[in-house]
1. Quick one: how many residues across the range 248-288 are over 25 Å from P149 (Cα atoms) and either surrounded by fewer than 17 Cβ atoms within 10 Å (Cβ to Cβ) or outside the structural domain of G236 (by TED's automatic domain parsing) (or both)?
2. Scan the range 245-273 for residues that are out of contact with any strand residue (DSSP E or B) (no Cβ under 8 Å at 6 or more places or on another chain), within 30 Å of S116 (Cα to Cα) and in contact (Cβ under 8 Å) with a residue 40 or more places away in the chain and jot them down.
3. Is it the case that F209 is surrounded by 16 or more Cβ atoms within 10 Å (Cβ to Cβ) and part of a loop (DSSP other than H, G, I, E, B)?
4. Under 7 Å between Cβ atoms, at least 6 apart or on separate chains: pull out the pairs that start in the range 4-26 with a residue that is in contact (Cβ under 8 Å) with a residue 12 or more places away in the chain and end on any residue that is of a type in the set (K, R) and surrounded by fewer than 16 Cβ atoms within 10 Å (Cβ to Cβ).
5. For the range 106-175, please list each of the strands (runs of 3 or more DSSP E) lying entirely inside it that holds at least 2 residues being over 22 Å from R242 (Cβ atoms).
6. So L240 passes all but one of these: (1) assigned by TED's automatic domain parsing to the domain that holds E170; (2) of a type outside the set (K, R); (3) within 27 Å of S133 (Cβ to Cβ); (4) part of a helix (DSSP H, G or I). Which condition number does it fail?
7. Scan the range 183-199 and give yes if some residue there is of a type outside the set (S, T, N, Q), part of a loop (DSSP other than H, G, I, E, B), at pLDDT below 95 and in contact with a His (Cβ under 8 Å, 6 or more places away or on another chain), otherwise no.
8. Evaluate the following for V131: is it in contact with a Gly (Cβ under 7 Å, 6 or more places away or on another chain), surrounded by 13 or more Cβ atoms within 10 Å (Cβ to Cβ) and touching a residue at least 24 places away in the same chain (Cβ under 8 Å)?
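The values are calculated or read from the model by the stated rules, or taken from the named source; none is laboratory data. None of the values given here were measured: they were computed from a predicted structure. Here the Cβ is made from the backbone with ideal geometry for all residues, glycine too, and neighbour counts use every protein chain on show.
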Amino acid sequence: MLNSRWLDSFVVLCETGHFTRAASLLNMTQPGVSQHLQKLEAQVRQPLISRQGKSFSLTPAGEAVLAVGRARRAEEQVLQETILRDDPAVGEVAIACSGSFAMLLYPHILSAMQSSPGLTIRVEATPQDKVLSGVLDGQFDLGIADHDPRHPRLQAEHLGQEELCLVVPEGVMTSPISFQALDNLGFIAHPDGFAYADDLFAMNFPEDFRGSDRLHIRSFVNQISQIPSPVARGIGYTLLPRSGVDSYPDKDRLRIAPLLKELSHDLWMIFRRGRSLPARVSRIATLVQSVSEGLEKK
């Protein structure tokens, strides 16, 4: 590594073309500038200037070192500008969350990017363990989790709760609804649906429900955006977080059946502990909070 102080003195010397003027700009003595030049020449093991009386010209090695010095100065200037300009409308933000929450959040993300062309936002729908590990290793700036991870390197802020919904076709009688009526419709299953059923149906149909492995499965869908589609066509029922219902384009063809005992999941925003969030990340964190508050007001 070239000594940064000697290199800076050399760049100023080249730009002024005079030892005395360079010393004045650097707030140094003329011998001090000469000493920096000699040390830099010793470091690269090449003469950097060729003297002609009181003037000088650069050797090939001097031209190469000057190019490095100017490039380093430019890089440092960009770095300084970046540090000083913590702009909420410029830079990249990466978020990890569940598929249903991603569908609800993404239209708001698009609006933010439309108003700020310098802002790049990556939203990744991923399982909960990937949310936690991704935030820990710096892959994501923010994660939306369904629990407080209580990890020493993570900070968690409670966003609120999200209702788990029993979703049925528009024309189905929803109050009261029996387990037999649901079983006749058939379950539109999905990867998280079985766990949802074990939690929600055990609370509401303790005499009839015998476990998610005994449900009448009408269809299985792996794409979160497509789970409500068969229900909207009158084919079966499903279980989804509120965000998965609200983000569905034809949600007017769906009904949320009331249940005697409701169940909600917590929502937590997580980020690395001790990190001072850049303005752009803080802006999106506020947006996430706003979207989460909208879920609780339903």
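1. Of the residues in the range 248-288, 9 are over 25 Å from P149 (Cα atoms) and either surrounded by fewer than 17 Cβ atoms within 10 Å (Cβ to Cβ) or outside the structural domain of G236 (by TED's automatic domain parsing) (or both).
2. The answer is D246, S247.
3. Values: surrounded by 16 or more Cβ atoms within 10 Å (Cβ to Cβ): yes; part of a loop (DSSP other than H, G, I, E, B): yes.
Taking the combined requirement at face value, the residue satisfies it.
4. These pairs meet every condition: W6/K39; L7/R72; V11/R70; V11/R73.
5. Where strands (runs of 3 or more DSSP E) fall fully within the range 106-175 and carry at least 2 residues being over 22 Å from R242 (Cβ atoms), they are 119-125, 154-169.
6. Result: L240 passes all but (4).
7. No, that holds for no residue.
8. yes
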